[in-house]
Each structure stands twice: as C-alpha cells, then as structure tokens.
Amino acid sequence: MRTSILAALPARTEGTVLGRRFFALAIALTLITPAGCSSADKPITVTRPALGTVVTINAYGENPRDVNAAIEDAFAVISAVEAELDAYSATSTIAAINAAPFEWHALPADAVEILDAIERLGVAESFSPTLLGVVKLYDFGGDGHVPTEGELSAALQTASMPERDDDRVRFLGIASSTAEPGLDFGGAAKGLALDRARDALNAKGAVTGALVTAGSTTVTLGSKPDGEPWRVGVEDPRDATVVRMTAEWTGNGALSTSGDYQHYFEHNGVWYHHILDPKTGTPARGTRSLTVVGRFSGLDSDILSTALFVDGPDAALAYATAHGLGVYIIDSEGRTHLASAPADSSISLSEQSE
Ligand code: AMP
Ligand code: MG
C-alpha cells in the first residue's frame, strides 16, 4: 500500500517480505485525556483522515452551530496545505515542482514559510527538505530496501538545497547523478497545517478553546471551559499501550514527537527508519523518540522534533535549554532524558514510572 508519509498511518500492519520481517508501524503518538468536563462543557470532536494520518479537532464554544462551522473551516485549510505540500500526491504543487526539478518554479507560500522557519530556528544542518530521493530509496511504504553505497551517494548528490531566487526555486542539475532531486516537506507540513487550522478555529470568535492533533503533532488554542489543562501523552516507542510522559499546559501551545517507529523495517537485525541524517542519508542513530513542547507554533515544533532527533540526545537537550523548550527523549538504549520547560512557560512534563 502506498501512502503519504506526511505522517503516521493509523494502523499497524506486519508481514514477511523476501525472507525478512517487514513492519510498517504507525500509531498516533499522543493521547488526549479531556478531564473534568461536565456534559455542558464537552467539546465537539471531529476526526477525519488527513495529512496521511488521522486528524482530530476537539473544540469548545457556546454555539454548537458556529463551532461546527469553524471546524469545517479548519479541515478546509488543512486540505489546502496538503494540496500544496504532499510530495506523494500526484496533484500537489510540490509534486509538480518535483516532476521538473531543474526548471524554475514559484514556491508555494507554505513552502516559503517552512524554508524561512528552518533558517530562523538554525537547524538547516539537521533538517533538510530535499531528501525525497534519499527517503524513497528505502521504500518504507513498500517492501523496505537497504540502499547500496552507490545508490546513497547518487541520491545524496541531488539532495543539496535548490537555488532560490526570492520565492522561485530550481534544483541544479548534477550530470553524474542518476537520481532525481525532490522537495519533501513531510517533516514540517503537519505542524504548518495545524497552525492554519488553529487560525481558522480562532477566526470568528466562536471557539473558546481547542486541541487539534495529527498524532505526532498537537496544537492547542485557548482553554477548556473548566480551566483544566490540555494533556498530551507520549507513548513508548516499542509499546503503544504505554504512556511514558504526559505534558500539561493551558492556553496556546504545541507538542511534536518524532519516532523511529513510524515508518521502519528491520533487515539483518538492523533497524532502518524514516528520519535520515542529511549528511549520510542513513537513519539518524542515538534516539528512539523525541518530543518537544513549548509556547511556539506547530510548525516550529514539527521542524524541531525532526531536527533534534537527528542531532541526538546531547545536542537536543542543549538546544532545548538554550531556547526555553521542554524536551523528552528516549534514546537508542532506552534511557530517558528530560529537560523541563522553563517555569515561566507553565508547561509541565511528567515522566511516568515504568
Ligand atoms: P517527522 O515525523 O515530523 O519527524 O518527519 C519525518 C519525515 O520527514 C520523513 O518521513 C521524511 O519525509 C522527512 N525527513 C526525514 N529525514 C528528514 C530530515 N533530516 N529533515 C527533514 N525532513 C526529513
Ligand atoms: Mg517533524
């Protein structure tokens, strides 16, 4: 089954392919636990497939008709982002750019926003939106494939950032390469889409509080009527039934988790997953799961969870401390690392005892 890899799939499949075990595993990473609501305070909850996963909007407000209308607006803007940025959709704007990569193309505004955010956050060395050809080598959506050195180096040559002229872009042709370059905003698009959804929910004043989640990224708006905090749980990377950490906050915030278990296969005892080190084109090692949480946009949180996953636990903890973010890491040995969000952010991170 070919699916978008903008995000996790909501289901788990398992099988054996060509004598090696192949897993495509993806589960929503967050648990939402609305607590303490009287029936009058219950949110309107709508769940739909979007962004290659399942998006759920929980929205509070006085007037159910207006809240429902705002939820429709939110899903419409999510679809609009998807129509621009999904590299795996035949009809997206990005797919059209990738189909003729050496010609000049106007970059969609969403892509410009993501490229600018990568620069602003200072993570261009670990977050690269040009790894499409490298990711495809691994065939995560199919049988799983371990690329040869030659395949990797050819694909990596194409993966340098394209030439950019204001908001136009083109890849530079590399004569020796057989691999085609391509843009892939799968590590950031969910966050951007959820920001747009939050804006839509907020636009007409009908929604007083909302939690929007695409599984690996969650954004919140305002507060619940009873003042209870938003709660998001992060699951164990090897056991989806176990919650390892719960984050709580009121008001606007965002949380993203990147994990080595969303798209992966095992070959000869080696775990190959979908978050790649741009320097080598191989799966980033050192981390199984990394969560960032803060008073920032969904876009920033989505970019940062991917980038800090690549950087590894030590650099991730240092970045989080320097930038006032909460971070929770389960490393490749199963050890946990937690950097609390700063006290003035009023975001609490609690690790569950095993
Ligand atoms: P996320 O689940 O947000 O961490 O995003 C993972 C997705 O981002 C992968 O499925 C790829 O499409 C893409 N990706 C993989 N490695 C990187 C990287 N180093 N920088 C940016 N995007 C990446
Ligand atoms: Mg991401």
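Taking the condition of being part of a loop (DSSP other than H, G, I, E, B) and either without any contact (Cβ under 8 Å) to a residue 12 or more places away in the chain or surrounded by fewer than 24 Cβ atoms within 10 Å (Cβ to Cβ) (or both), how many residues in the range 187-200 meet it?
Summing the residues that are part of a loop (DSSP other than H, G, I, E, B) and either without any contact (Cβ under 8 Å) to a residue 12 or more places away in the chain or surrounded by fewer than 24 Cβ atoms within 10 Å (Cβ to Cβ) (or both) in the range 187-200 gives 0.
Give the range 230-246 a look and list any residue that's basic (Lys, Arg) and either free of Cβ contacts under 8 Å to residues at least 24 places away in the same chain or over 20 Å from residue 292 (Cβ atoms) (or both), or say none.
Passing the criteria: only 238.
What number goes with the only condition from (1) within 15 Å of ligand 2 (Cβ to nearest atom); (2) buried (at least 24 other Cβ atoms within 10 Å of the Cβ); (3) over 17 Å from the mean Cα position of the chain (by Cα); (4) not charged (D, E, K, R) that residue 247 does not pass?
Status for residue 247: all satisfied but (1).
Which of the residues belonging to the range 92-122 are of a type in the set (Val, Ile, Thr) and in contact with a Leu (Cβ under 7 Å, 6 or more places away or on another chain)?
94, 97, 114
State the number of residues belonging to the range 201-214 that are within 25 Å of residue 86 (Cβ to Cβ) and surrounded by 24 or more Cβ atoms within 10 Å (Cβ to Cβ).
6
Is it true that some residue in the range 218-236 is modelled with pLDDT of 95 or more, closer than 30 Å to residue 170 by Cα, crowded, with 24+ Cβ neighbours inside 10 Å and more than 14 Å from ligand 2 (Cβ to nearest atom)?
No, that holds for no residue.
Can you name the condition, by its number, that residue 266 falls short on among (1) within 27 Å of residue 148 (Cα to Cα); (2) acidic (Asp, Glu); (3) within 14 Å of ligand 2 (Cβ to nearest atom)?
(3)
Looking only at the range 219-270, count how many residues are touching a strand residue (DSSP E or B) at 6+ places or on another chain (Cβ under 8 Å) and closer than 30 Å to residue 203 by Cα.
26
Out of (1) within 15 Å of ligand 2 (Cβ to nearest atom); (2) out of contact with any helix residue (DSSP H, G or I) (no Cβ under 9 Å at 6 or more places or on another chain); (3) not polar (S, T, N, Q), the odd one out for residue 334 is which?
That leaves (1) as the condition not met.
Filter the range 273-306 for residues that are farther than 24 Å from residue 161 by Cβ and more than 12 Å from ligand 1 (Cβ to nearest atom) and give the result.
286, 288, 293, 294, 295
Given (1) in contact (Cβ under 8 Å) with a residue 40 or more places away in the chain; (2) among the acidic types (Asp, Glu); (3) touching a strand residue (DSSP E or B) at 6+ places or on another chain (Cβ under 7 Å), identify the lone condition not met by residue 163.
(1)
Pick from 133, 150: which is more than 20 Å from residue 187 (Cα to Cα) and of a type outside the set (A, V, I, L, M, F, W, C)?
150
Tally time: how many residues in the range 210-253 are under 21 Å from residue 330 (Cα atoms), in contact with a Gly (Cβ under 6 Å, 6 or more places away or on another chain) and not aliphatic (A, V, I, L, M)?
3
Look through the range 305-317, keep the residues that are away from ligand 2 (no atom under 15 Å from the Cβ), in a helix (DSSP H, G or I) and touching a strand residue (DSSP E or B) at 6+ places or on another chain (Cβ under 9 Å), and return whichever of them is nearest to residue 195 (Cα to Cα).
So, considering only residues that are away from ligand 2 (no atom under 15 Å from the Cβ), in a helix (DSSP H, G or I) and touching a strand residue (DSSP E or B) at 6+ places or on another chain (Cβ under 9 Å), the one nearest to residue 195 (Cα to Cα) is 317.
Being more than 16 Å from ligand 2 (Cβ to nearest atom), farther than 30 Å from residue 269 by Cβ and under 21 Å from the mean Cα position of the chain (by Cα) narrows it down to one residue among 211, 192, 183, 172; which is it?
Matching residue, one of 211, 192, 183, 172: 211.
Among the residues of the range 238-252, write down those that are part of a strand (DSSP E or B) and of a type outside the set (Phe, Trp, Tyr).
If the condition is that a residue be part of a strand (DSSP E or B) and of a type outside the set (Phe, Trp, Tyr), then 239, 240, 241, 242, 243, 244, 245, 246, 247, 248 are the ones that fit.
Of the residues 103, 149, 125, only one is among the charged types (D, E, K, R) and within 16 Å of ligand 2 (Cβ to nearest atom); which?
Within the list 103, 149, 125, the selection yields 125.
What about residue 315, is it more than 16 Å from ligand 1 (Cβ to nearest atom), free of Cβ contacts under 8 Å to residues at least 60 places away in the same chain and not polar (S, T, N, Q)?
no
Provide a single number: the residues in the range 288-304 that are in a strand (DSSP E or B), more than 13 Å from ligand 2 (Cβ to nearest atom) and under 22 Å from residue 121 (Cβ atoms).
Residues in the range 288-304 being in a strand (DSSP E or B), more than 13 Å from ligand 2 (Cβ to nearest atom) and under 22 Å from residue 121 (Cβ atoms): 2 in total.
Quick check on my filter: what residues within the range 150-172 are part of a helix (DSSP H, G or I) and hydrophobic (A, V, I, L, M, F, W, C)?
Across the range 150-172, the qualifying residues are 152, 154, 155, 156.
The values are calculated or read from the model by the stated rules, or taken from the named source; none is laboratory data. All values reported here derive from a predicted model rather than from experimental measurement. Reconstructed Cβ throughout: ideal geometry from the backbone, glycine too, with neighbour counts over all protein chains shown.
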